[in-house]
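Okay, structure first, notes after.
What follows draws every value from the coordinates through simple rules; no lab data is involved. Computed from a predicted structure; not experimentally measured. Quick reminder, even Gly has a Cβ in these numbers, built from the backbone with ideal geometry, and neighbours come from all protein chains shown.
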Amino acid sequence: MTVHGSGFPQGRIEVICGPMFSGKSEELIRRLRRAIIARQRVQVIKPTVDTRYSESEVVSHSDVRLTATCAPTARDMYAKVHSRTEVVGIDEAQFFDEDLVAVCDGLANRGIRVIVAGLDMDYRGRPFAPMPRLLGIAEIVTKIQAVCMVCGAPASFSQRLSATGDRVELGSSERYEARCRRHFEPEEERQLELLRSRAEALRVPSQVHDAS
Ligand SMILES: [Zn+2]
């Protein structure tokens, strides 16, 4: 039940997604700072896997930072949310497991405003679990774009520039850059997949061929 005028925010899920260098963490930090100014009890959580800059802070590429709690799994994150917390910010959400969807749902049902930032696609251009399902259940979705490093157009893809390791490899400006659809070059495996699906789409159905 929503109590209007109590100052307690209505529970909901907000997702901020987009490619690398699109300013997702910045937007997350901006919303969280506003909540802090409004004297709401805010908690920031991120997966333990992100040790890029700091164990205990959410840091944007332009070096704005907020103190964060690290959690190895989504269930563990749920346990770390205090009973009086009103706003939960989650950064690098793509590195949490699929339980994140149920956890965010549970938190929102408790009346908590959950703001989730993460990559919607991996470097192959594929939806990055658990983000797709989270986008489906969120009240508010903000998909932001970066700038294509080839042509300067708005960019929605994260281009990997080196071919080492798996998709858990974290970004820095040396390894990834933002690209538009035209300049995004998915890796070989994905290119073969695209060729196969195109061939399938172009294939003439056998009945039509027989009838001619
Ligand atoms: Zn481009």
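A straight Cα-to-Cα reach below 16 Å connects Lys143 with the lysines Lys24, residues fewer than 8 places away in its own chain not being considered.
Counting other beta carbons within 10 Å of each Cβ, put Leu134, Leu192, Leu32 in order, fewest first.
Values: Leu134 26, Leu192 11, Leu32 22.
Listing Leu134, Leu192, Leu32 from fewest to most nearby Cβ atoms yields Leu192, Leu32, Leu134.
Put in line by how crowded their Cβ is, counting other Cβ atoms within 10 Å and starting with the fewest, Tyr78, Tyr176, Tyr123 read Tyr78, Tyr176, Tyr123. Ranked for footprinting exposure by Cβ neighbours inside 10 Å, fewest first, Ser22, Ser156, Ser197 give Ser197, Ser156, Ser22.
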